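Following this message is one structure expressed as structure tokens.
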Amino acid sequence: MKKYILLLLLFSTGTSNAQSPWTKEKGKAYVQLGVTGLFYNTAQINDQKITFGGDYSDVTTQIYCEYGLSNNLEALVILPVKSASFKANSGGGSDQLSGLGNITLGLKYKMYDQKWKISTGLQYQANSAKNNASSGLSTGFNANSFIPYVTAGSSEGKWYYFGNIGYGYMTNDYSDYLKIGAEVGYLVIPKGHLILALDTKNPVAKENAFLSNASRWPSYLDRQTYNAVGLKFNYEFSADKYGANIAAFGAFGNNNAPLAPTINFAVYAKL
């Protein structure tokens, strides 16, 4: 299997994210504001490395929020606003498209709350993205997605660890996929966790959306595959109030996805 390394530098959602087993207490919230930039001129498409005749960019400004409806049930909202653009080499044409990406709504319920926590959840990613048929630019996947998942984890001393598995059902002839993630974190300094992370997405069937997509904007293709592992560092400037984190990932087995660094900066607050 061909391997392509994809390095990411990002501030992400903190040590507790939407697919960890922990839920927010009733009336408590987690809010993050981030800006992500993806800039590339190559992609792996249909098992072939493609070099484009120009520069692509995909910039996202995103609000991420978790809110505790009860001590065992939380709601999730992710609101991405995206700007996609293309500029051809040697004075060629250019184009740009801005708008909403795929808005995410979700619920997560903690089923078991002893030393080990076990939760289950459902996320809905709306087909709220904009598409330009003439230029091929897009701000997200041209499909709705329904993602049920289960997650389990625990913590002890300076350690925390969890894993999750979910199944993505997609409409508009997009391929369903299996999603697996895991984190192991260790408190290396006061307020600072060093984290080993795993994040994978692999289609379970080949549907027809890839074949019918003539423009094939590389950021949001059907049959998208990646397997990423990496290190993250999370630091809270004020304990249980404000913080940020940074990570570096390597990915292999990528397909129908860009081959380029992703840069994401964000700050978060626990309210």
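The values are calculated or read from the model by the stated rules, or taken from the named source; none is laboratory data. Just so you know, these numbers come straight off a predicted model, no measurement behind them. Ideal geometry is used to build each Cβ from the backbone, glycine not excepted, and the neighbour counts take in all protein chains shown. Please note that ligands, DNA and RNA were not included when accessible areas were found on the heavy atoms of the full protein model with its side chains. Shrake-Rupley method; radii C 1.70, N 1.55, O 1.52, S 1.80 Å.
How many residues does the range 230-254 contain that are more than 18 Å from Ile63 (Cα to Cα) and either touching an Asp or Glu at 6+ places or on another chain (Cβ under 6 Å) or free of Cβ contacts under 8 Å to residues at least 24 places away in the same chain (or both)? Before the answer, list the steps.
Step one: of the range 230-254, the residues more than 18 Å from Ile63 (Cα to Cα) are 230-240, 247-254.
Of the ones still in play, those that are also either touching an Asp or Glu at 6+ places or on another chain (Cβ under 6 Å) or free of Cβ contacts under 8 Å to residues at least 24 places away in the same chain (or both) are 238.
The total comes to 1.
If you go through the range 161-200, how many residues are polar (S, T, N, Q), in contact (Cβ under 8 Å) with a residue 40 or more places away in the chain and within 18 Å of Gln224 (Cβ to Cβ)?
Just the residues of the range 161-200 that are polar (S, T, N, Q), to begin with: 164, 171-172, 175, 200.
Okay, now just the ones that are also in contact (Cβ under 8 Å) with a residue 40 or more places away in the chain, so 164, 171-172, 175.
Subset that is within 18 Å of Gln224 (Cβ to Cβ): 171-172, 175.
Number of matching residues: 3.
Right, something else. Residue check: is Asp173 open to solvent by 20 Å² or more (accessible area, probe 1.4 Å), part of a loop (DSSP other than H, G, I, E, B) and more than 22 Å from Asn131 (Cα to Cα)?
Working: open to solvent by 20 Å² or more (accessible area, probe 1.4 Å): yes; part of a loop (DSSP other than H, G, I, E, B): yes; more than 22 Å from Asn131 (Cα to Cα): no.
Against the criterion (open to solvent by 20 Å² or more (accessible area, probe 1.4 Å), part of a loop (DSSP other than H, G, I, E, B) and more than 22 Å from Asn131 (Cα to Cα)), Asp173 does not qualify.
Here is a follow-up. Taking the residues in the range 120-138 that are under 16 Å from Thr60 (Cβ atoms) and at pLDDT 95 or above as candidates, determine which candidate is least open to solvent (accessible area, probe 1.4 Å).
Ala126
Another question, then. In the range 56-90, what residues are at negative phi and of a type in the set (Gly, Ala, Ser)? Talk me through it step by step, then tell me what you get.
Taking the range 56-90 and keeping what is at negative phi, we get 56-89.
Result: Ser57, Gly68, Ser70, Ala75, Ser83, Ala84, Ser85, Ala88.
If you check Tyr160, Tyr149, which single one turns out to be open to solvent by less than 40 Å² (accessible area, probe 1.4 Å), in contact with a His (Cβ under 9 Å, 6 or more places away or on another chain) and either more than 22 Å from Gln32 (Cα to Cα) or assigned to a strand (DSSP E or B) (or both)?
Working: Tyr149 fails: in contact with a His (Cβ under 9 Å, 6 or more places away or on another chain).
So the residue among Tyr160, Tyr149 that is open to solvent by less than 40 Å² (accessible area, probe 1.4 Å), in contact with a His (Cβ under 9 Å, 6 or more places away or on another chain) and either more than 22 Å from Gln32 (Cα to Cα) or assigned to a strand (DSSP E or B) (or both) is Tyr160.
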